[in-house]
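Below is one structure, written out as structure tokens; the observations come after it.
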Amino acid sequence: MAREQIQVLNALDVAKTQWYHFTAIIIAGMGFFTDAYDLFCISLVTKLLGRIYYHVDGAAKPGTLPPNVSAAVNGVAFCGTLSGQLFFGWLGDKMGRKKVYGMTLMLMVICSIGSGLSFGHSAKSVIATLCFFRFWLGFGIGGDYPLSATIMSEYSNKKTRGAFIAAVFAMQGFGILAGGIFAIIISVAFKERFDAPPYELDPAGSTVPQADYIWRIIVMVGALPAALTYYWRMKMPETARYTALVAKNTKQAAADMSKVLQVEIQAEPQKEEQKANSYGLFSKDFLSRHGLHLLGTASTWFLLDIAFYSQNLFQKDIFSAIGWIPPAKTMNAIEEVYRIARAQTLIALCSTVPGYWFTVALIDKIGRFAIQLMGFFFMTVFMFALAIPYDHWTHKDNRIGFVVIYSLTFFFANFGPNATTFVVPAEIFPARFRSTCHGISSASGKLGAIVGAFGFLYLAQNKDKSKADAGYPAGIGVKNALIVLGVVNILGFFFTFLVPEANGKSLEEMSGENDEDVGTQEESEQSHSQNNNRTVPYV
């Protein structure tokens, strides 16, 4: 029989949804709002960077970032995020969630501002500065993943925990949306003030010197929401589960949660700490209890992000194909920023944001497992629906159909594994490994994002080298790349079966921490009776 639940944790599990839950969602969610803004705003300005710093006199088309520079600018933040997820995930279990939470935010504020500055005026110095600060920006963003998820799961009640963690993650959608809307406002303001002819009429004059301010302002504004949230993050008490189960201070946990829940919680008398229950992360015990769970959360996140981030590659082709973005030479630099921002905002508004909130609404009703399976299933279906008749979709009359199906794959990624892979690792591991295991799972996701964003950039190139993008080798073509993505989604569907359902259960029940202590108590009772037997002479 499991030991009695610590009273303060029981109070959290059965607490009614109240104001502090929403405060926690906003405080943790603003971090994710900033993460998404910072990670995705770079795609709004890469074309502008190419025009400003890689302009070639006499070229038929505007300047673009060379493949290696484009990969560095887009990918360096992912590399930083992966490192930050592992480091801060581990640190969150060692030092406590709250102490580390402020560090990640300050790093994001400083590096957002740093990204918009540059040492020198040459292309090399500007890109080098941007990449340096975006790596450390990603490092801070990486820390936000395990910490936000863990803090929200440890603050929540049993009944609505999935919705609360998913709501934090759903703030990503608003971050992407805000990036697009802000870029529209800035580009319209600059376009009114500094109008310029299109590239084909005046290649040099189409990029006004003031355009250099646009990308810097867009990148630096990411510091604002993070800075505004810092004070509130520092006011949050440490989570009761960390204080009670890891720091072993039930008195402090009860005092903290009494204030938060505004009810009187009695602190249990401090029990003598027993060491038999504290198996390590790399122990056989962990492997037998949670090894397959960790493989499940890490593999599904890895496979999802390959598909999710490579889909972003096709956006520019799709936007151009349906006429949302005209050929680059027919626009000036500021007009191009406006068109790209408008297109990304429409996709975010129509498919990305609704998908997240469908998950929030239904995750505690139909469960994590069902949503994740359904998401992978429909992503597979729609990916093959794009891939198999790909030649049919390339005809001008069929482009709207292509966009609809493409949007549906995004919708089912967000009303599916993109949300659930974030929620589940924060629920199924013991408190002392929770942040670390979430960090490992999310880092494997970012590894998938790197594979998706760069592997497929090369893979999706035309089979004919002369038709591939400038500087790229021949690939397998978009059709075959989409078929590969469909197979990746099928694998995600099957790996989902390794992940347990956490719906409606307490965190201690899911992680088996109650049973750990039982085993410990039985062992200590056995050793106690053996000691007694040794001291009492046999008659």
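When the scattering of the chain is computed by the Debye formula from its Cα atoms alone, each counted once and equally, what is log10 I(q)/I(0) at q = 0.06, 0.10, 0.11, 0.12 Å⁻¹? The Debye formula, applied to the Cα set alone, gives -0.32, -0.81, -0.95, -1.10.
Determine the relative contact order of the range 354-444: mean sequence separation of Cα pairs under 8 Å and six or more apart, normalised by residue count, in whole percent. Don't jump to the answer; show the numbers that get you there.
Working: 77 pairs, mean separation 34.4, N = 91.
Relative CO of the range 354-444 lands at 38 percent.
Normalised per residue, the accessible area of the chain is 42 Å², obtained with a 1.4 Å probe and no contribution from ligands, DNA or RNA. Phi-derived couplings, Karplus 6.51 cos²θ - 1.76 cosθ + 1.60 at θ = phi - 60°, listed residue by residue for the range 472-487: 9, x, 5, x, 9, x, 5, 4, 5, 5, 5, 5, 4, 5, x, 5 Hz, with x used for Gly and Pro. Among the protein heavy atoms, those of E501 account for about 60 Å² of accessible surface (1.4 Å probe, every chain in place).
In this structure, V487 and N68 have a Cβ-Cβ separation that, at R0 = 41 Å, corresponds to a calculated FRET efficiency of about 0.90.
Assuming a ≥ b ≥ c are the square roots of the Cα gyration tensor eigenvalues, decide whether the range 441-485 counts as rounded (a/c under 1.5), prolate (otherwise, with a/b larger than b/c) or oblate.
Working: a/c = 5.04, a/b = 2.06, b/c = 2.44.
Note, shape of the range 441-485 comes out oblate.
Could you give the length gained on full extension between S125 and M220, defined as 0.36 nm per residue of separation minus the Cα-Cα distance, in nm? It would help to have the intermediate numbers written out before the result.
Working: separation 95, 0.36 × 95 = 34.20 nm, distance 1.78 nm.
32.4 nm is the gain from fully extending S125 to M220.
Accessible area of M30 (1.4 Å probe, protein heavy atoms only, ligands and nucleic acids ignored): about 50 Å². Measuring gaps between exposed loop sites in the chain (chymotrypsin sites (Phe, Trp or Tyr not before Pro); DSSP loop; at most 11 other Cβ atoms within 10 Å), the longest gap, sites not included, is 283-537.
Compute the length gained on full extension between K159 and D285: take 0.36 nm times their separation in residues and subtract their Cα-Cα distance, giving the result in nm to one decimal.
Numbers: separation 126, 0.36 × 126 = 45.36 nm, distance 2.95 nm.
The span from K159 to D285 would gain 42.4 nm if fully extended.
A Förster distance of 51 Å, applied to the separation of the beta-carbon atoms of K235 and A204, puts the FRET efficiency at 0.45.
Under a 1.4 angstrom probe, counting protein chains only, how are K463, K505 ranked by accessible area, largest first?
On the way: K463 135, K505 80 Å².
So, going from the largest accessible area down, we get K463, K505.
For K94, the solvent-accessible surface computed with a 1.4 Å probe is close to 130 Å², ligands and nucleic acids excluded.
Can you give the calculated 222 nm mean residue ellipticity of the chain, where each DSSP H run of n ≥ 4 adds -39,500 (n - 2.57) and the sum is split over every residue, rounded to the nearest 500 deg cm²/dmol? Before the final figure, lay out each step's value.
Details: 23 runs with 375 residues, N = 539.
Calculated mean residue ellipticity at 222 nm is -23000 deg cm²/dmol.
According to the square roots a ≥ b ≥ c of the eigenvalues of the Cα gyration tensor, what is the shape class of the range 311-458, taking rounded for a/c under 1.5, prolate for a/b larger than b/c otherwise, and oblate for the remainder? Prolate, because a/c is 1.5 or more and a/b exceeds b/c.
On the accessible surface of the range 112-176, probed at 1.4 Å, how many percent belong to carbon and sulfur atoms? Mind showing how you got there, number by number?
On the way: 1390 of 1780 Å².
Taking all protein chains in place, the range 112-176 shows 78 percent carbon and sulfur surface.
Sorted largest first by accessible area at a 1.4 angstrom probe radius, with every protein chain in place, the residues D391, D38, D256 fall in the order D391, D256, D38. Just to confirm my numbers, what's the Cα centroid distance between the range 379-407 and the range 115-165 in Å? Answer, in whole Å: 33.
The values are calculated or read from the model by the stated rules, or taken from the named source; none is laboratory data. It should be emphasised that the depicted structure is a prediction, and the values quoted were computed from it without experimental measurement. So basically every Cβ, Gly included, is an ideal-geometry build from the backbone, and we count neighbours across all protein chains shown. Side chains are part of the model used for accessible areas, which takes the heavy atoms of the whole protein and leaves out ligands, DNA and RNA. Shrake-Rupley method; radii C 1.70, N 1.55, O 1.52, S 1.80 Å.
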